[in-house]
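Below is one structure, written out as structure tokens, with a few remarks after it.
No value in this document is a laboratory result; all are computed from the given coordinates. The structure displayed is predicted, hence computed values, not measured ones. Counting neighbours? That spans all protein chains shown, and the Cβs are built from the backbone with ideal geometry, glycine included.
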Amino acid sequence: MNSDIIIKLENVHVSFWQNNVGVYSLKDLITQRKSPFKSKTIINDISFEVKRGESLGIVGRNGSGKSTLLRTIAGIIKPKAGIVTVNGTFAPILAIGAGLEQELTGYENITLLLSLYGIPRKNTNAVANIREFSELSDEALRMPVKQYSSGMVARLAFSISLANDSDILIIDEVLAVGDQGFQIKCVEKIRQIKNQGKTILFVSHFPDGVRDICDNAILLEQGEITHRGLAADICEQYKMLF
């Protein structure tokens, strides 16, 4: 793969099995005359490339396949067909609280995830930076995450992910949660990461955010790319869907 290309998808197809007739037990399955399961295509023959240092927005209506596409790139979902090549490390922020252990405290989650990122547990600067960016109090970080509000979870998850100094930042709609002040702070941080030459994949239902952060964008409809180009142009195409 060209060294300038950090992500490449070639004819990627993703589908899931669906239970369409209410089979919930072995008895239900045996008494069915035909298979109750039906394959549903989520991503249909998608191909595109992302250059190193590019910020790419992904927009589309609910159910268009945006989150599935990000999870496929991140390696969480294996495509049924096609090839996904990623030439770098990535820090995925794919869902509110993804990767956080609910029974552990905020501090314990920070320590655990930092160790998974290869950052030594004794690195007090990393912990301090996470605490400062999240704006969570020492008291809150000593509480189990299961007691957090959705906004607090978003603050902690986003702040920990930023500690992972990866080549690619993958963001799936998490900026929609939390107060406006923290959202603005996150956008400013993403701009800083972009200026450092990092690659960004950004999914959002808010075209203004995509236009503000991304250079280019793609528009998904029913698992297929219908438009691609400059972020400002694709956001206008997206607005025309409503």
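Show the residues, 5+ positions off or on another chain, whose built amide H is closer than 5 Å to the amide H of residue 221.
Long-range HN contacts for residue 221: 226.
Would you report the distance distribution of C-alpha pairs in the range 103-163 as whole percents per 10 angstrom bin, up to the bin with the largest distance?
25, 61, 14
Using Cα pairs under 8 angstrom and six or more residues apart, how large is the relative contact order of the chain, in percent?
27
Mind giving me the nanometre distance, one decimal, between the label points for residue 89 and residue 137, set 7 Å out from Cα along Cα→Cβ?
Output for this residue pair reads 3.5 nm.
Hand me the trypsin sites (Lys or Arg not before Pro) from the range 116-196 located in a DSSP loop with no more than 13 other Cβ atoms within 10 Å, in residue order please.
Qualifying residues, ordered by number: 121, 122, 142.
With a 10 Å radius around each residue's Cβ, average the other Cβ atoms per peptide and rank 160-166, 72-78, highest first.
Descending packing order for the listed peptides: 160-166, 72-78.
Per residue of the range 162-167, what does 6.51 cos²θ - 1.76 cosθ + 1.60 with θ = phi - 60° give for ³J(HN,Hα)? Whole Hz please, x for Gly and Pro, Karplus curve as stated.
Ordered by residue, 3J(HN,Hα) equals 5, 6, 8, 7, 9, 6 Hz.
Show me, for the range 103-120, the HN-Hα J-couplings you get by feeding each phi into the Karplus relation (A = 6.51, B = -1.76, C = 1.60, θ = phi - 60°), rounded to Hz, glycine and proline as x.
Per residue, the Karplus-derived 3J(HN,Hα) values read 7, 8, 6, x, 4, 5, 5, 4, 4, 4, 6, 4, 5, 5, 7, x, 9, x Hz.
Hey, what number do you get for the chain at 222 nm if only DSSP H runs of n ≥ 4 count, each worth -39500 (n - 2.57), divided across all residues, to the nearest 500?
That comes out to -10000 deg cm²/dmol.
Can you list residues from other chains, or at least 5 along the same chain, whose modelled amide H is less than 5 Å from the amide H of residue 42?
When sequence neighbours closer than 5 places are left aside, the close amide H contacts are 14, 15, 16.
Taking +1 at the Cβ of each Lys and Arg and -1 at the Cβ of each Asp and Glu, which of 92, 106, 134 sits farthest along the dipole of the range 80-144 towards its positive end, judged by Cα position relative to the Cα centre?
Of the listed residues, the answer is 92.
Treat the count of other C-beta atoms within 10 Å as a stand-in for reagent exposure and order 16, 158, 242 from fewest to most.
Ordered from fewest to most neighbouring Cβ atoms within 10 Å, 16, 158, 242 come out as 242, 16, 158.
Beyond 19 Å between alpha-carbons counts as too far, so tell me which of 66/239; 122/146; 51/198; 38/66; 122/189 fall in that bin.
With Cα atoms farther than 19 Å apart: 122/146; 38/66; 122/189.
What residues qualify as long-range amide H neighbours of residue 5, i.e. H under 5 Å apart, gap of 5 or more or another chain, H built at 1.01 Å from N?
Distant-sequence amide H within range of residue 5: 52.
What FRET efficiency comes out for residue 108 versus residue 205 if R0 is 22 angstrom and r is the Cβ-Cβ distance? Round to the nearest 0.05.
0.10
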